Amino acid sequence: KLLLLDEPFEGVAPVLAKRLAEVVAMLRSEGLSVILSESDLSHSRKLIDVVYQIDRGQVTRPAA
């Protein structure tokens with residue numbers, strides 16, 4: 001099972017972003033794989049196992 005989220009924290013109030021992160025973390029703990037597309041990692045950093053940076057369609061820097 002896989003959940004794909006595109007910019008789920010964009011434009012969301014901080015309290016809602018925190019709750020969304022909690023729900024995603026819970027789903028991951030139940031075995032769901034999650035792919036996040038984010039331009040800002042401030043809300044999702046604790047959820048991430050692997051980061052791939054993409055710039056103009058090219059992977060420019062895989063990071064941890």
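A few points about this structure:
- Filter result (closer than 18 Å to Ala13 by Cβ and among the acidic types (Asp, Glu)) within the stretch 24-64: Glu38, Asp40
- The conditions of being in a helix (DSSP H, G or I) and in contact with a Phe, Trp or Tyr (Cβ under 9 Å, 6 or more places away or on another chain) are not met by Ala25.
- Within the stretch 41-59, the set of residues being loosely packed, with under 10 Cβ neighbours inside 10 Å and farther than 22 Å from Leu27 by Cβ comprises Asp55, Arg56, Gly57, Gln58, Val59.
- Count of residues meeting criterion [open to solvent by less than 50 Å² (accessible area, probe 1.4 Å), assigned to a loop (DSSP other than H, G, I, E, B) and touching a Lys or Arg at 6+ places or on another chain (Cβ under 9 Å)] in the stretch 28-40: 1
- When the stretch 5-22 is filtered for residues that are within 9 Å of the chain's Cα centre (by Cα), surrounded by 10 or more Cβ atoms within 10 Å (Cβ to Cβ) and not in a helix (DSSP H, G or I), the ones remaining, listed by number, are Leu5, Glu7, Pro8, Phe9.
The values are calculated or read from the model by the stated rules, or taken from the named source; none is laboratory data. This one's a predicted model, so the numbers in the text were calculated from it and none came from an experiment. Cβ atoms come from the backbone with ideal geometry, glycine included; neighbour counts cover every protein chain shown. The accessibility values were calculated without ligands, DNA or RNA, using every heavy atom of the protein model including side chains. Shrake-Rupley method; radii C 1.70, N 1.55, O 1.52, S 1.80 Å.
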